[in-house]
Amino acid sequence: MGKNIRDLIEEWPKCFIQDTDLAMFLKDKTKDARYSVVKRLLKEGLLIRIRRGLYLIAGETKPLFIETFELAFLIYGPSFVSLES
């Protein structure tokens, strides 16, 4: 039997997840069905929207260590890290 989407998100190694990653979990569903699952997870509080297509995982077992430079690249690319930062 397959795992629940909530369990898969809780086991995700990073503290944020993108639409492309969620599409990998829900590959047998249509785009509208995937969006309804995301809306339900947002309403339940498991996901927090950072921007369209990028979500912060708000699970209790998730460590709150956000890789700020990686997240900055995902929010506004192409961004880079200089030696001064």
*Among the residues of segment 63-79, count how many are open to solvent by 50 Å² or more (accessible area, probe 1.4 Å), in a loop (DSSP other than H, G, I, E, B) and modelled with pLDDT under 80.*
6
_Qualifying positions in segment 8-18 - loosely packed, with under 15 Cβ neighbours inside 10 Å and closer than 18 Å to ARG52 by Cα_ = GLN18
*Residue tally, condition surrounded by 12 or more Cβ atoms within 10 Å (Cβ to Cβ) and of a type in the set (Val, Ile, Thr), over segment 19-40*: 2
_Cross-chain or 6+ apart pairs with Cβ under 9 Å, segment 12-33 first and small (Gly, Ala, Ser), then open to solvent by less than 100 Å² (accessible area, probe 1.4 Å) and assigned to a loop (DSSP other than H, G, I, E, B)_ = ALA23/LYS29; ALA33/LEU26
*Take the residues in segment 41-58 that are surrounded by 14 or more Cβ atoms within 10 Å (Cβ to Cβ) and of a type in the set (Val, Ile, Thr), then tell me which one is farthest from LYS14 (Cα to Cα).*
ILE50
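The values are calculated or read from the model by the stated rules, or taken from the named source; none is laboratory data. Model, not experiment: these values are computed from the prediction. A quick note on method: Cβ atoms are made from the backbone with ideal geometry, for glycine too, and the neighbour counts reach across all protein chains shown. Keep in mind that these areas ignore ligands, DNA and RNA; they rest on the heavy atoms of the full protein, side chains included. Shrake-Rupley method; radii C 1.70, N 1.55, O 1.52, S 1.80 Å.
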